[in-house]
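The values are calculated or read from the model by the stated rules, or taken from the named source; none is laboratory data. Computed from a prediction, not measured in an experiment: that's the story for all the values here. No Cβ is skipped: glycine too gets one built from the backbone with ideal geometry, and neighbour counts run over all protein chains shown. Surface accessibility is based on the protein's heavy atoms, side chains included, excluding ligands, DNA and RNA. Shrake-Rupley method; radii C 1.70, N 1.55, O 1.52, S 1.80 Å.
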Amino acid sequence: MKNNRTKLSVLVFILFLSACKSEKSNTKGDNLSIEEVSYFGQKPPGLIPEVFAPGKVSINGRTESTVSFSPNMKEMYFDAMHEDRITQIYFSKLVGDSWTSIKKASFTKGNKKEELQPFVSPNGKRIYFVALDSIFSDERVWYVKRLKDSWSEATKLDSPINDDKIFFPNHSKNDGLYYYDLSKRKTYYAPQKNGQFIEPQEVNISMGHHAFISPNNDYLLVAARNNEDENRKDNDIYVYFKNQDKTWSNPINLGTAVNTLLNEKVPTISPDGKYLFFGRDENDTGGGLANIHWVSTEVIEKLRPAQ
């Protein structure tokens with residue numbers, strides 16, 4: 001009888017240990033799954049750039065560029081241009097642990113010919129984007145406001161920003177709107193006051209376009225023609241770090257960790273600051289076709305000057 005009790009106790013203890021190991025294993029698996037689900041079901045990259053969602057978001061034979069996630073990582077927006085040379089915004093939403101099929105946003109409901117460069121605001125309440133009827137003629141910032149389960153009608157932003165032709169609106173968690181002025185060929189910043197973007201100020205940087213401010217407002221990414229080799233004509237991505245006196249450092253090429261002999265362009269950072277997204281040409285034929293790539297922002301942090 002005593003032996004039977006001893007055997008039973010040993011069996012119960014073994015089953016308990018097995019259950020603990022199983023629970024620990026499942027928890028680890030769930031954590032990995034959550035991280036992958038947050039980025040459209042893609043396994044996050046390390047220090048080597050990878051094509052983002054090949055065959056789903058990045059499709060060979062068309063041009064994809066700007067991608068933006070909502071702060072809670074449950075919505076994804078990106079733009080793509082097809083053979084008709086018309087750029088439109090597309091989106092997908094996370095429902096449960098699955099992303100919905102990709103659909104066209106059509107924020108202006110056809111009132112503008114093209115919609116591009118979406119940016120979900122840091123509080124998730126607006127999506128800013130550029131809309132136009134003709135390239136290099138009427139590019140302006142528009143936005144939609146979040147409703148309960150959808151978005152409002154698109155509205156052109158009432159701000160001095162829209163007094164000129166502009167591209168690539170975006171802003172950090174506690175800052176104004178950054179954008180590129182197509183007429184002046186310079187980057188500007190419009191402070192936010194009482195919910196409005198007031199008189200723009202030129203950003204004091206030496207070169208670059210399609211500037212994107214980091215979520216914490218501590219560095220600025222731009223695309224620019226390679227500045228190290230006068231024989232090269234391709235665009236690379238550069239970073240400006242914010243100095244302690246609020247000025248910007250000299251531009252630093254992200255180097256071969258990100259840049260190639262092809263064009264790299266339209267950099268964005270995920271809301272959590274973990275990943276750099278950017279466009280890269282599919283080939284060197286000059287056709288403009290591009291896929292979205294992503295890489296850990298550690299490639300940026302490795303370049304940060306000691307202060």
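Data for the structure
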item	result
Residue check, residue 153 modelled with pLDDT of 95 or more, over 26 Å from residue 76 (Cα atoms) and open to solvent by 50 Å² or more (accessible area, probe 1.4 Å)	no
Test result for residue 92, of a type in the set (Gly, Ala, Ser), in a loop (DSSP other than H, G, I, E, B) and either at pLDDT 95 or above or under 22 Å from residue 294 (Cα atoms) (or both)	no
Verdict on residue 271 being on the phi < 0 side of the Ramachandran plot, part of a loop (DSSP other than H, G, I, E, B) and surrounded by 15 or more Cβ atoms within 10 Å (Cβ to Cβ)	yes
Scope region 76-87; condition buried (at least 17 other Cβ atoms within 10 Å of the Cβ), of a type outside the set (A, V, I, L, M) and out of contact with any Leu (no Cβ under 7 Å at 6 or more places or on another chain); matching residues	77, 78
Region 95-109, residues that are assigned to a loop (DSSP other than H, G, I, E, B), among the polar types (S, T, N, Q) and either open to solvent by 60 Å² or more (accessible area, probe 1.4 Å) or within 16 Å of residue 62 (Cβ to Cβ) (or both)	101
Residues (polar (S, T, N, Q) and within 20 Å of the chain's Cα centre (by Cα)) located in region 221-256	235, 253
Condition broken by residue 135, with the remaining ones in (1) open to solvent by less than 60 Å² (accessible area, probe 1.4 Å); (2) at pLDDT below 95; (3) among the β-branched types (Val, Ile, Thr) satisfied	(1)
Residue match in region 60-74 (condition: within 18 Å of residue 265 (Cα to Cα), in a loop (DSSP other than H, G, I, E, B), touching a residue at least 40 places away in the same chain (Cβ under 8 Å) and open to solvent by 50 Å² or more (accessible area, probe 1.4 Å))	yes
Residue 241, sole failed condition from (1) under 21 Å from residue 298 (Cα atoms); (2) buried (at least 23 other Cβ atoms within 10 Å of the Cβ)	(2)
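For (1) surrounded by 15 or more Cβ atoms within 10 Å (Cβ to Cβ); (2) free of Cβ contacts under 8 Å to residues at least 24 places away in the same chain, each residue gets a yes or a no:
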site	(1), (2)
144	yes, no
183	no, yes
201	no, yes
206	no, no
211	yes, no
